[in-house]
Amino acid sequence: MISVVVLGLAVAGVAAAEEAGGLSWTAPTEWTAQGERPMRAATYSIPAAKGDTEGAELAIFYFGEGRGGGVDANVKRWVSQFQKPDGSSVEKDAKTKQEKIAGFAVTMVDVKGTYAGGGPMMGPSTPKPGFRMLGAIVEGPQGAVFFKLTGPEKTVAAAEKPFRKMLEGMKKK
């Protein structure tokens, strides 16, 4: 009986430290950890902000040291998953910057528009207008760890500060 109660607490979204690529982090308690998924180190559901009909998702990928492609190739691929309402590229509107967060080299990406996704396991089957993606490629001790937060614009905007706080709390594992 006790194990059922403990399991209930875990499902309810009690924060737990996660790790991949020699990094550890702690997700906000209001984000719900999802079960295992192919190619992902972790996945979190983020509740919808007021005015949005669906929540966002944070997918974290780690492919191993020296794997997963270079930073620039991943940034270009992520940006190419979005387009303007007229179908044109959002490349010129996407924001990218390199910075140090928690002592790690990080490339941040911020892009919005119609989200077309990145394939059957990577995104929606139908385009989703009014979406935004905040990405962080963290150069961890054992290789790159990819954090990709995608969802409706208002929900992603509401999750931006907690996402940043999570990144700022990363530690070498």
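The values are calculated or read from the model by the stated rules, or taken from the named source; none is laboratory data. All of these numbers come straight from a predicted model, not from anything done at the bench. Backbone-built Cβ (ideal geometry, glycine too); neighbour counts: all protein chains shown.
What about Lys112, is it at pLDDT 95 or above and within 29 Å of Lys50 (Cβ to Cβ)? Yes: the conditions hold for Lys112. Name every residue in region 55-102 that is polar (S, T, N, Q) and closer than 24 Å to Gln34 by Cβ, in order of residue number. Hits for region 55-102 are Asn74, Gln81. Whether any residue in region 80-100 is in a strand (DSSP E or B), among the hydrophobic types (A, V, I, L, M, F, W, C), within 21 Å of Glu18 (Cβ to Cβ) and touching a strand residue (DSSP E or B) at 6+ places or on another chain (Cβ under 8 Å) is what I want to check. Taking every residue of region 80-100 in turn, none turns out to be in a strand (DSSP E or B), among the hydrophobic types (A, V, I, L, M, F, W, C), within 21 Å of Glu18 (Cβ to Cβ) and touching a strand residue (DSSP E or B) at 6+ places or on another chain (Cβ under 8 Å).
Among the conditions (1) surrounded by 20 or more Cβ atoms within 10 Å (Cβ to Cβ); (2) not in a strand (DSSP E or B), the only one that Thr150 does not satisfy is (2).
Just one of the numbered conditions (1) touching a helix residue (DSSP H, G or I) at 6+ places or on another chain (Cβ under 9 Å); (2) basic (Lys, Arg); (3) closer than 20 Å to Ala136 by Cβ is not true of Lys95: (1). Within region 36-79, which residues are over 18 Å from Thr114 (Cα atoms), among the acidic types (Asp, Glu) and part of a loop (DSSP other than H, G, I, E, B)? Residues satisfying the conditions are Glu36, Glu65. Of all the criteria given as (1) buried (at least 16 other Cβ atoms within 10 Å of the Cβ); (2) of a type outside the set (Ser, Thr, Tyr); (3) not in a strand (DSSP E or B), the one not satisfied by Phe131 is (3). Looking at region 117-132, can you tell me whether even one residue there is modelled with pLDDT of 95 or more and either β-branched (Val, Ile, Thr) or closer than 21 Å to Lys173 by Cβ (or both)? The answer is no; no qualifying residue exists.
Just name the residue that is nearest to Lys171 (Cα to Cα) out of those in region 64-89 that are in contact with a Phe, Trp or Tyr (Cβ under 8 Å, 6 or more places away or on another chain) and either polar (S, T, N, Q) or modelled with pLDDT under 95 (or both).
Only one residue tops the list, namely Gly68.
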